[in-house]
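The values are calculated or read from the model by the stated rules, or taken from the named source; none is laboratory data. What you see is a predicted model; the values in this text were computed from it and never measured. Cβ coordinates were reconstructed from backbone atoms using ideal geometry, including for glycine residues, and neighbour counts include every protein chain displayed.
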Amino acid sequence: FVEIKLNFILLIFHCIFYTTTMKSTQYLNKSQTALVKQSWPMITSNNFWTTFYINLFKRNPLYQLQFDRFANVPFEELESNVHFLAHSFRTGFAFNTAIEHLEKPDELHRILMDLGEKHRKFRLTAEHFEAVKDILLCMIEDRIVLTDVPARNILLVEAWKPCITLVIGVIMDSATVTVN
């Protein structure tokens, strides 16, 4: 009886651990993927990535210090700083690559794991990634052009949530493997 009870407890622990740590490997369904891909150009227009980083740094000023080349550049000068612009462009390129690979889960997972591995040296924590995820979701929601069909607007917002959770989650899992 004790052995059965212990095995049951281990099974429950495994299920809880597996579902919480593997959350980031959940992929989007076809409808969500289509909505994300259709809305991506609209969302990322008009300096999306520079605005993203400025919002991130305003909300979390210490995060800017993680970026040596523009750590002490004032907010109002960031958009003209070549290093800041280059980093913003690289982030946009990485996300664009992720969006392009949504229908190829194995390739997407490999790309995101590699990106996370490159971020390990910065010793980022889950808190850093949660801040990034929160700001991305807020900005995406703000940039979704509302249509006359409220149900579509809701579907669009709801499609982006698992997408951002997936992308940030896999990068975080890989980047924090030795930190947390």
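Points to keep in mind about this one:
- Whichever residue in segment 140-180 is surrounded by 15 or more Cβ atoms within 10 Å (Cβ to Cβ) and outside any helix (DSSP H, G or I) and, among such residues, is nearest to the chain's Cα centre (by Cα): T176
- Positions within segment 32-75 being among the small types (G, A, S) and either at pLDDT below 95 or within 23 Å of T165 (Cβ to Cβ) (or both), in sequence order: A34, S39, S45
- Residue within segment 104-125 that is surrounded by 19 or more Cβ atoms within 10 Å (Cβ to Cβ) and either within 16 Å of W40 (Cα to Cα) or among the β-branched types (V, I, T) (or both) present: yes
- Residue in segment 81-95 that is part of a loop (DSSP other than H, G, I, E, B) and more than 21 Å from I171 (Cβ to Cβ) present: yes
- Here A34 fulfils each of the conditions (1) within 17 Å of E77 (Cα to Cα); (2) surrounded by 12 or more Cβ atoms within 10 Å (Cβ to Cβ); (3) without any contact (Cβ under 8 Å) to a residue 60 or more places away in the chain apart from (1).
- Taken over segment 64-80, residues that are buried (at least 16 other Cβ atoms within 10 Å of the Cβ) and in a helix (DSSP H, G or I) amount to 3.
- When restricted to residues that are under 18 Å from P162 (Cβ atoms) and either of a type in the set (D, E) or without any contact (Cβ under 8 Å) to a residue 24 or more places away in the chain (or both), segment 109-132 contains 2.
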